[in-house]
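Peer 1: Shown below is the structure under consideration.
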Amino acid sequence: MAKTQEYSAEQIQVLEGLDPVRKRPGMYIGGTGPEGLHHLVWELVDNSIDEALAGFAKHVVVTLMADGGVRVDDDGRGIPVDKVKATGKSALETVLTVLHAGGKFGSGGYKVSGGLHGVGVSVVNALSAKLIAEVSRDGKVYHQEYKQGVPQGEMKVTGSSTHTGTSITFYPDPNIFETIGFDFDIILDRLRHQAYLTKSVQTSIIDETASRRFSFYFEGGIKSYVTHLNKNKEVINDPPFYVEREVSGTMVELAIQYNEGFNENVKTFANNIHNAEGGTHLTGFRTALTRVINEYARKNGYIKDNEENLTGEDCREGITAVISVKLTDPQFEGQTKAKLGNPEIRGYVEQVVSEWLSYYMEENPGEAKKIVAKAALSARARIAARAARDTVIRKGALDGLTLPGKLSDCRSKDPAESELFIVEGNSAGGSAVDGRDSHFQAILPLRGKILNVERARLDKMLANNEVKNVIIALGTGIADQFEIDKVRYHKVVIMTDADVDGAHISTLLLTFFYRHMPQIIEKGYLYIAKPPLYLLSSGKKKFYAYSDEERDEIIDRLTSERSAAKKAGAKVEEVDPVVVTAEDADEGEAAAEDNLEETEIVDDTQKNRLKDAGITGIQRYKGLGEMNAEQLWETTMDPDQRLMIKVEVEDAEKADAVFNKLMGDEVILRKNFIQTHAKSVSNLDI
């Protein structure tokens, strides 16, 4: 009988102070990648914003320092410095070194705050190689330094001051984080949002490394925010509907503006914390909005007695709204505060929306009529789409293994190992089918370009065969019947040519997934294949290059190896390089070494460079169809060798704006976007 491994009190580890944070940082900041790194900044900024919400701060400044540190300053009251009886330490040292210590637990320090768990600044301290705290209050400046959360001496007075405030400078610990480089744009966006959400507060960011500074101040608050979100869109009610009312000690603030688009964009905040998953305030808003619009429509004869009510989806088509509540005791689900849980907030928001939106619609009959008309049009499109959608779902279920006619499915029925390649054109599709591993790789060739779903409602979208084939192949359904758990592949790979048309098809597919199947992206299932741009041949050896830079690196490396061999006395065969382009290769098949057709190299410098490297042939791929099945497998489909780009949404607001520019109706927006970014485009074929 095997001896049981000894397990006693000696194996029990007690983590004290800030040790738990350094041991398991992911529990406190979500991870040690870029998102977790920036979370340190958010914790400090949120503390400063809490001072603003309490009415004591007017300025919040984030400085990216030249030495790699980050400083967050505010002109609030300053962290208290007197002794805390429970710890015997100064209040400053207590909040910096003790988890769950702070002024946000009902002791009167804050009426409203985003902080709830009291782990903010102490977590920043624990995960910093160095942290410097300076507090100005009571006419003095107090100073204390820390290393990895450990005080480096007592708090001391270092000067006098005529103002109040807190300044925290921290240097993230490189032993904890994967990277310690901060993204200026991410922090800038966060500070802009905070300025929108906190009227009369100025937020600023200073980048010492690039000598740049931005400041934000919005008198209109979330009303200005909604206008910003609808920038470059054709709006229906201008200016936006706006209301701010206090209900039972909770401040409810709302701004609503409709546009001519089809997408719903509602952002929810509690005490300035973005609740990405909504919560009770979102539920209350949706319920009241649907009721108010239906009551107004029936009262004014826009909906007849024999007609059914408009649905919530109908009433929210094209809506842009920001809901902000400020309450004394927020209840969030999880440390990331993604969802608000206070049940009473639903009733408060319902009350405000019901009363004041009804009043707005009565006082603005022109805008109200447009809003109802848009919802009614959405209802008609929904009914048409329902029939089309049911056909799609029914077709997918009944066709069984055949699914879409052009889908070459894989044998595996395990979604976790299955991959779907959405391939541009029948030629590339044929090569992909021949070259794939049919056990886990499925191929769906597209015929031409799919519909631009940015400009189409669901009923029109489902009438497009290529879109319909993608939906059926994935097996998830669409719209309100979408179920991510039914997805048939956990890798969906967009595989198009490395040219302008290929880029356009990729963008059309990305638009489809972002607008109608965002869960595919959120789950990490969507990828973009990166086929090689060049095949370089040196005798019987083949080298694939995925960029111009990689091509040059291969040429330089082979040149160095060849030069070293010559110096060592080895015999090096002289070569006469051949360049092959798409026009020289047989259609649908990449040219091999033995059937390369020579294309004259006009540039002698280029020719000599290839000769020095021993390159016997170089081919520039302009399409997947130029590769045979074997080449497509080993370069683009083999899991051990391929390169793929995972599609993620870092900033939904920016992504929404980019899709609107690239795929919307306004040509001038696309033109300006292209002109702005033209210089950053590489491998442009003209």
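The values are calculated or read from the model by the stated rules, or taken from the named source; none is laboratory data. Fair warning: this is a prediction, and the values are worked out from it, not measured in the lab. Note that we place each Cβ from the backbone using ideal geometry, even for glycine, and neighbour counts take in every protein chain shown. Keep in mind that these areas ignore ligands, DNA and RNA; they rest on the heavy atoms of the full protein, side chains included. Shrake-Rupley method; radii C 1.70, N 1.55, O 1.52, S 1.80 Å.
Peer 1: Select from the stretch 204-247 the residues that are over 15 Å from Val322 (Cα atoms) and charged (D, E, K, R) and list them in ascending order.
Peer 2: Hits for the stretch 204-247 are Asp207, Glu208, Arg212, Arg213, Glu219, Lys233, Glu234, Asp238, Glu246.
Peer 1: Out of everything in the stretch 199-222 that is part of a strand (DSSP E or B) and hydrophobic (A, V, I, L, M, F, W, C), what residue ends up being surrounded by the most Cβ atoms within 10 Å (Cβ to Cβ)?
Peer 2: Ile205
Peer 1: Ok, one more. Could you tell me how many of the residues in the stretch 29-38 are open to solvent by 20 Å² or more (accessible area, probe 1.4 Å) and in a helix (DSSP H, G or I)?
Peer 2: 2
Peer 1: Within the stretch 491-509, does at least one residue satisfy the condition of being open to solvent by less than 10 Å² (accessible area, probe 1.4 Å), closer than 21 Å to Glu264 by Cα and modelled with pLDDT of 90 or more?
Peer 2: The answer is yes, given that some residue of the stretch 491-509 is open to solvent by less than 10 Å² (accessible area, probe 1.4 Å), closer than 21 Å to Glu264 by Cα and modelled with pLDDT of 90 or more.
Peer 1: Give me the pairs, please: first residue somewhere in the stretch 490-515 and at negative phi, second residue anywhere and modelled with pLDDT of 90 or more and of a type in the set (D, E, K, R), beta-carbon distance under 6 Å, and either six or more positions apart or on two chains.
Peer 2: Lys491/Glu419
Peer 1: Restricting attention to the stretch 519-542, report how many residues are farther than 24 Å from Val423 by Cα and open to solvent by less than 60 Å² (accessible area, probe 1.4 Å).
Peer 2: Residues meeting the conditions: 4.
Peer 1: Quick one: in the stretch 276-324, which of the residues that are hydroxyl-bearing (Ser, Thr, Tyr) and assigned to a helix (DSSP H, G or I) is nearest to Thr250 (Cα to Cα)?
Peer 2: Result: Thr280.
Condition check ((1) of a type in the set (Ser, Thr, Tyr); (2) open to solvent by 20 Å² or more (accessible area, probe 1.4 Å); (3) part of a loop (DSSP other than H, G, I, E, B); (4) at pLDDT 95 or above) across all residues:
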| position | (1), (2), (3), (4) |
| --- | --- |
| Leu40 | no, no, no, no |
| Asn47 | no, yes, no, no |
| Glu51 | no, no, no, no |
| Val72 | no, no, no, yes |
| Ile79 | no, yes, yes, no |
| Glu93 | no, yes, no, no |
| Leu99 | no, yes, yes, no |
| Gly115 | no, no, yes, no |
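Peer 1: Pick from Tyr196, Tyr225, Tyr171, Tyr142: which is outside any loop (DSSP other than H, G, I, E, B) and surrounded by fewer than 21 Cβ atoms within 10 Å (Cβ to Cβ)?
Peer 2: Tyr171
Peer 1: Might you check whether a residue that is touching a Ser or Thr at 6+ places or on another chain (Cβ under 6 Å), modelled with pLDDT of 85 or more and within 21 Å of Ala456 (Cβ to Cβ) occurs anywhere in the stretch 316-323?
Peer 2: Checked the stretch 316-323: at least one residue is touching a Ser or Thr at 6+ places or on another chain (Cβ under 6 Å), modelled with pLDDT of 85 or more and within 21 Å of Ala456 (Cβ to Cβ).
Peer 1: Which residue, of Arg389, Arg394, is at pLDDT below 85 and touching a Leu at 6+ places or on another chain (Cβ under 9 Å)?
Peer 2: Arg389
Peer 1: Could you list, in sequence order, all residues of the stretch 145-168 that are of a type in the set (S, T, N, Q), assigned to a loop (DSSP other than H, G, I, E, B) and more than 19 Å from Asp19 (Cβ to Cβ)?
Peer 2: The answer is Ser161, Thr162, Thr164.
Peer 1: Now for a different question. Only one of these conditions is not met by Lys299: (1) touching a Leu at 6+ places or on another chain (Cβ under 6 Å); (2) open to solvent by 70 Å² or more (accessible area, probe 1.4 Å). Which number is it?
Peer 2: Only one criterion is unmet by Lys299, namely (1).
Peer 1: Could you say which residue among Glu134, Glu178, Glu154 is under 19 Å from Val98 (Cα atoms), of a type outside the set (Ser, Thr, Tyr), out of contact with any Phe, Trp or Tyr (no Cβ under 8 Å at 6 or more places or on another chain) and open to solvent by 30 Å² or more (accessible area, probe 1.4 Å)?
Peer 2: The match here is Glu154.
Peer 1: Output the residues belonging to the stretch 222-233 that are in contact (Cβ under 8 Å) with a residue 40 or more places away in the chain and not hydroxyl-bearing (Ser, Thr, Tyr).
Peer 2: Residues satisfying the conditions are Ile222, Val226, Leu229, Asn230, Lys231, Asn232, Lys233.
Peer 1: Does Asn294 satisfy being free of Cβ contacts under 8 Å to residues at least 24 places away in the same chain, in contact with a Leu (Cβ under 9 Å, 6 or more places away or on another chain) and open to solvent by less than 40 Å² (accessible area, probe 1.4 Å)?
Peer 2: For Asn294, the condition - free of Cβ contacts under 8 Å to residues at least 24 places away in the same chain, in contact with a Leu (Cβ under 9 Å, 6 or more places away or on another chain) and open to solvent by less than 40 Å² (accessible area, probe 1.4 Å) - is met.
Peer 1: Sticking with this one: Lys231: surrounded by fewer than 19 Cβ atoms within 10 Å (Cβ to Cβ), modelled with pLDDT under 95 and outside any helix (DSSP H, G or I), yes or no?
Peer 2: yes
Peer 1: Among (1) assigned to a helix (DSSP H, G or I); (2) at pLDDT below 85; (3) over 24 Å from Gln619 (Cα atoms), which single condition is Ile521 missing?
Peer 2: So Ile521 meets the others, but not (2).
Per-residue answers, yes or no, for (1) of a type in the set (A, V, I, L, M); (2) within 22 Å of Asp499 (Cβ to Cβ); (3) open to solvent by 30 Å² or more (accessible area, probe 1.4 Å):
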position: Glu424; (1), (2), (3): no, yes, yes
position: Asp434; (1), (2), (3): no, no, yes
position: Ser438; (1), (2), (3): no, no, yes
position: Arg455; (1), (2), (3): no, no, yes
position: Asp459; (1), (2), (3): no, no, yes
position: Glu466; (1), (2), (3): no, yes, no
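Peer 1: Starting from the stretch 148-166, keep only residues that are more than 15 Å from Glu93 (Cβ to Cβ), then list their pairs with residues that are in a loop (DSSP other than H, G, I, E, B) and charged (D, E, K, R) whose Cβ atoms are within a distance under 6 Å, requiring at least 6 positions of separation or different chains.
Peer 2: Thr164/Arg77; Gly165/Asp75
Peer 1: Here is a further query. For the stretch 68-94, give me each residue that is within 34 Å of the chain's Cα centre (by Cα) and either free of Cβ contacts under 8 Å to residues at least 60 places away in the same chain or at positive phi (or both).
Peer 2: Of everything in the stretch 68-94, just one residue is within 34 Å of the chain's Cα centre (by Cα) and either free of Cβ contacts under 8 Å to residues at least 60 places away in the same chain or at positive phi (or both), namely Gly68.
Peer 1: Out of the residues in the stretch 128-142 meeting the condition of being without any contact (Cβ under 8 Å) to a residue 40 or more places away in the chain and within 38 Å of the chain's Cα centre (by Cα), tell me which one is farthest from Val41 (Cα to Cα).
Peer 2: Glu134
Peer 1: Okay, moving on. Answer with yes or no whether Ala210 is modelled with pLDDT of 95 or more and of a type outside the set (S, T, N, Q).
Peer 2: Taking the combined requirement at face value, the residue does not satisfy it.
Peer 1: Being farther than 19 Å from Arg190 by Cα, open to solvent by 10 Å² or more (accessible area, probe 1.4 Å) and not polar (S, T, N, Q) is the filter here; which residues of the stretch 254-271 pass it?
Peer 2: Answer for the stretch 254-271, where residues must be farther than 19 Å from Arg190 by Cα, open to solvent by 10 Å² or more (accessible area, probe 1.4 Å) and not polar (S, T, N, Q): Glu260, Gly261, Phe262, Glu264.
Peer 1: Quickly run through the stretch 420-436 and pick out the residues that are in contact (Cβ under 8 Å) with a residue 24 or more places away in the chain and either over 27 Å from the mean Cα position of the chain (by Cα) or more than 16 Å from Tyr489 (Cβ to Cβ) (or both).
Peer 2: Once the filter is applied, which keeps residues that are in contact (Cβ under 8 Å) with a residue 24 or more places away in the chain and either over 27 Å from the mean Cα position of the chain (by Cα) or more than 16 Å from Tyr489 (Cβ to Cβ) (or both), the stretch 420-436 yields Glu424, Gly425, Ser427, Ala428, Gly430, Ser431, Ala432, Val433, Asp434, Gly435, Arg436.
Peer 1: Also, I was wondering about something else. Return the only residue of Phe269, Phe241 being out of contact with any Lys or Arg (no Cβ under 6 Å at 6 or more places or on another chain) and modelled with pLDDT of 95 or more.
Peer 2: Phe241
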